[in-house]
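Novice: Let me begin by handing over the structure; questions about it come next.
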Amino acid sequence: MRLAVENLIVDRGARRIVDGLSFTVEAGEALVLVGPNGAGKTTVIRTVAGLIGAAGGTIALEGGDAERELPAQAHYIGHLNALKPSLTVEENLRFWAEYLGAGTQASIDEALLAFDLEPLAMIPAGYLSAGQKRRACLARLIATPRPLWLLDEPTVSLDAASVRLLANCVGQHLEGGGLVLAATHIPLGLASERRLEIGVRSAAA
């Protein structure tokens with residue numbers, strides 16, 4: 001399986017954000033997008049996730065499920081945590097498992113363990129700290145397995161110990177043949193990590 005992006009063009013209003021970008025992500029590999037603020041990292045990830053329409057180019061998950069569109073085979077983690085504050089941590093994970101149709105109680109339990117959320121499982125998400133909310137958000141990566149992870153600044157609000165938990169989960173995902181496309185300012189130290197610099201322009205541009 002691999003993610004193949006060819007000659008991607010994305011416009012936002014009258015401005016061209018991405019112009020002719022091409023890259024691939026192979027099974028078992030993480031590609032990290034780097035570049036200055038406003039370079040288009042978030043735009044690229046959201047476009048691959050199907051949240052923004054492309055003005056040109058192609059995006060394909062080769063070797064994936066031919067009967068499902070790419071977004072249905074991917075997890076997108078953005079800047080917001082997508083948690084219902086009145087539901088407990090475990091109830092939030094169960095919601096995503098049922099909504100996405102891929103999780104089980106065993107995978108929910110595994111997710112709670114992977115992100116050290118077992119002591120918080122019965123606490124409403126609205127009472128959690130920023131870092132705890134982020135871990136609860138990231139836990140759905142494990143609770144509802146999907147081959148492609150699209151991670152936009154996943155380490156926001158995480159302390160060093162939580163970043164290590166995330167890195168461990170990403171590493172296990174890659175070892176199982178998963179794919180990761182990410183934008184992060186904090187290196188995760190992954191053995192199979194590749195970096196792609198985008199949006200770099202000359203001072204005169």
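Novice: Would you say residue 174 is crowded, with 17+ Cβ neighbours inside 10 Å, touching a residue at least 40 places away in the same chain (Cβ under 8 Å), in a helix (DSSP H, G or I) and in contact with a Ser or Thr (Cβ under 6 Å, 6 or more places away or on another chain)?
Specialist: Yes, satisfied.
Novice: Give 65, 11, 19 a once-over and let me know the one that is within 23 Å of residue 174 (Cα to Cα) and among the acidic types (Asp, Glu).
Specialist: On the way: 11 fails: within 23 Å of residue 174 (Cα to Cα); 19 fails: within 23 Å of residue 174 (Cα to Cα).
Only one candidate qualifies: 65.
Novice: Please state which one of 89, 44 is under 30 Å from residue 13 (Cβ atoms), of a type in the set (Val, Ile, Thr), at pLDDT 95 or above and crowded, with 16+ Cβ neighbours inside 10 Å.
Specialist: Result of the check over 89, 44: 44.
Novice: Please work out which residue is surrounded by the most Cβ atoms within 10 Å (Cβ to Cβ), limiting yourself to the stretch 108-128 and to residues that are more than 16 Å from residue 86 (Cβ to Cβ) and over 21 Å from the mean Cα position of the chain (by Cα).
Specialist: Per the criteria, the residue is 118.
Novice: Here is a list of conditions, (1) hydrophobic (A, V, I, L, M, F, W, C); (2) under 11 Å from the mean Cα position of the chain (by Cα); (3) assigned to a loop (DSSP other than H, G, I, E, B), and residue 137 meets all of them except one; can you say which number that is?
Specialist: In the conditions (1) hydrophobic (A, V, I, L, M, F, W, C); (2) under 11 Å from the mean Cα position of the chain (by Cα); (3) assigned to a loop (DSSP other than H, G, I, E, B), residue 137 misses (3) alone.
Novice: Any idea which residue in the stretch 145-166 is nearest to residue 179 (Cα to Cα), counting only those that are in a loop (DSSP other than H, G, I, E, B) and not hydrophobic (A, V, I, L, M, F, W, C)?
Specialist: 147
Novice: Separate question: Mind checking whether some residue in the stretch 29-37 is loosely packed, with under 13 Cβ neighbours inside 10 Å and outside any strand (DSSP E or B)?
Specialist: Checked the stretch 29-37: at least one residue is loosely packed, with under 13 Cβ neighbours inside 10 Å and outside any strand (DSSP E or B).
Novice: Looking at (1) free of Cβ contacts under 8 Å to residues at least 24 places away in the same chain; (2) more than 19 Å from residue 24 (Cβ to Cβ); (3) not in a helix (DSSP H, G or I), can you tell me which one residue 91 breaks?
Specialist: (3)
Novice: So residue 142 fits all but one of (1) of a type outside the set (D, E, K, R); (2) over 17 Å from residue 167 (Cβ atoms); (3) touching a Leu at 6+ places or on another chain (Cβ under 9 Å); (4) in a helix (DSSP H, G or I); what number is the exception?
Specialist: Of everything listed in (1) of a type outside the set (D, E, K, R); (2) over 17 Å from residue 167 (Cβ atoms); (3) touching a Leu at 6+ places or on another chain (Cβ under 9 Å); (4) in a helix (DSSP H, G or I), residue 142 misses just condition (2).
Novice: Restricting to the stretch 61-71, give me the number of residues that are within 10 Å of residue 148 (Cβ to Cβ) and either touching a residue at least 40 places away in the same chain (Cβ under 8 Å) or touching a Cys at 6+ places or on another chain (Cβ under 6 Å) (or both).
Specialist: 3
The values are calculated or read from the model by the stated rules, or taken from the named source; none is laboratory data. Predicted model only: the values in this text are computed from it and were never measured. Please note: Cβ atoms are built from the backbone with ideal geometry, for glycine as well, and neighbour counts cover all protein chains shown.
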